1. Of everything in the range 284-332, what is surrounded by fewer than 21 Cβ atoms within 10 Å (Cβ to Cβ) and aromatic (Phe, Trp, Tyr)? Give them in sequence order.
2. Being outside the structural domain of residue 256 (by TED's automatic domain parsing), without any contact (Cβ under 8 Å) to a residue 40 or more places away in the chain and under 26 Å from residue 9 (Cβ atoms) is true for just one of 367, 381. Which residue is that?
3. Look through the range 19-56, keep the residues that are over 17 Å from the mean Cα position of the chain (by Cα) and at positive phi, and return whichever of them is modelled with the highest pLDDT.
4. Within the range 211-231, work out how many residues are farther than 26 Å from residue 263 by Cα and either touching a Phe, Trp or Tyr at 6+ places or on another chain (Cβ under 7 Å) or of a type in the set (S, T, N, Q) (or both).
5. Could you look through the range 131-163, keep only residues that are more than 22 Å from residue 107 (Cβ to Cβ) and without any contact (Cβ under 8 Å) to a residue 40 or more places away in the chain, and pick out the one that is surrounded by the fewest Cβ atoms within 10 Å (Cβ to Cβ)?
6. If we scan the range 180-189, do we find a residue that is without any contact (Cβ under 8 Å) to a residue 60 or more places away in the chain, surrounded by fewer than 24 Cβ atoms within 10 Å (Cβ to Cβ), out of contact with any strand residue (DSSP E or B) (no Cβ under 8 Å at 6 or more places or on another chain) and assigned by TED's automatic domain parsing to the domain that holds residue 126?
7. Just for the range 104-115: of the residues that are touching a residue at least 12 places away in the same chain (Cβ under 8 Å) and surrounded by fewer than 22 Cβ atoms within 10 Å (Cβ to Cβ), which one is farthest from residue 176 (Cα to Cα)?
Amino acid sequence: MANKEIIAKAYEIAKEQYATLGVDTDAVLKKINEIKISLHCWQTDDVSGSENPDGPLSGGIQATGNYPGKARNVTEVMADLEKVMSMLPGKQRVNVHALYGDFSKGKVDRDRISVKQFQGWIDWCKKQDIGMDFNGSFFSHPKAGSGFTLSSKNEEIRKFWVEHLKRSREIAAEVGKQLGSPCILNTWIPDGSKDTPVDRNGMRSLLTKSLDEGMAQKFPKEHMKDAVESKVFGIGAESMTVGSHDYYLGYAIKNNKLICLDNGHFHPTEVVGDKISSCLQFVDEVLLHVTRPVRWDSDHVVTLNEEVQLIASEIVRNDFINRVNIGLDFFDASINRIGAYVIGTRATQKAFMIAMLEPTSTLVRFEENNQNFERLALLEELKTKPFGAVWDYYCLQEGVPIGEDYITEIQSYENEVLSRR
């Protein structure tokens, strides 16, 4: 167990060191709680959902591994999320997919879902005093079997998914209204072609038509905000993805929507951190899906790496916190799922704290004076500053496990709860 007295002393030393750089660590400890991370409910059960929990995943969705103890129903999903949040400093949010509704009174197809199936989630969020985000589920469904949903040339299928989009937006608006916090409604579809297509334009024209129809109804922004998410390719859609980055960026700009940037949805040499300031020149807000692509969009558990650090730094350096909505999107079925959440969320939080501990004004002055040696030297020296002491003190203040203490707490939860499922 962490020694609280030692942690407090270490913080005072770190505070003095950062002060010599002009950084107020006490102010950072207050500002860091402005970062709200939306926890994706689908890490609890490998994207199975409550609609058809034993059904196969499809539409480019794949979770690998079969670690014991995954959530089997919405009640267990909520319990696991509560456990996760108890080990995270600050208040976060939850992100729910449409296939995680309450279908205990009978199955409701996706073109007929309503707030009734998600009132339990809203009530749970009220108890947790957190906000909630929402996603339409355009995969793992018979009417997505062809590989096309909103861009389908089968009018019956296209209309089905347009109605699902409409219903999802209505649910999101009611979520935001009841919780008093805007619900981000993200739309991602798996549509694409396994081999080289001919009519790319036809598919994208249909997608535009569907989005326009599905998003025709206006809702107050204090209740819900629309986001659209691009992807380079998916399983079964290797040759062409209808909803490319170019397509959705254009749609978002033209229609004043949020563009969702998932750092696993681009070519391996593209950097999402570099896209944030570009997109925010032309759209009001962006949505982030923070993940860790290994060899591409594999959705590994987030770790504190350079890519995540650049994302956080760009947001903090430019005071974009109020214009960027942060969500997680990874699912690892090969390790303890609660541990995956805690590692990934805390890694993201750490990246933001490191960004807040940066003497940005000094670095910008070096840059503007063409003092590139000094800029690089200071950036390198910052890497060994005692950030960990500030992080541990933050956890101490928030009353959550410090350092590696969360490991034993998760092991206990596994022995007492997960192993009995």
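1. 296, 320
2. Working: 367 fails: under 26 Å from residue 9 (Cβ atoms).
It is 381.
3. Checking each candidate, the answer is 22.
4. Qualifying residue count for the region: 1.
5. 155
6. yes
7. Just the residues of the range 104-115 that are touching a residue at least 12 places away in the same chain (Cβ under 8 Å), to begin with: 107, 110-115.
Cutting the leftovers down to surrounded by fewer than 22 Cβ atoms within 10 Å (Cβ to Cβ) gives us 107, 111-112, 114-115.
Details: 107: 25, 111: 21, 112: 20, 114: 14, 115: 12 Å.
Ranking the candidates gives 107 first.
Condition check ((1) of a type outside the set (D, E, K, R); (2) free of Cβ contacts under 8 Å to residues at least 12 places away in the same chain; (3) within 16 Å of residue 42 (Cα to Cα); (4) part of a loop (DSSP other than H, G, I, E, B)) across all residues:
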{"residue": "274", "(1), (2), (3), (4)": "no, no, no, no"}
{"residue": "284", "(1), (2), (3), (4)": "no, no, no, yes"}
{"residue": "311", "(1), (2), (3), (4)": "yes, no, no, no"}
{"residue": "325", "(1), (2), (3), (4)": "yes, no, no, no"}
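The values are calculated or read from the model by the stated rules, or taken from the named source; none is laboratory data. Small disclaimer: the values here were computed from a predicted structure and weren't measured. No Cβ is skipped: glycine too gets one built from the backbone with ideal geometry, and neighbour counts run over all protein chains shown.
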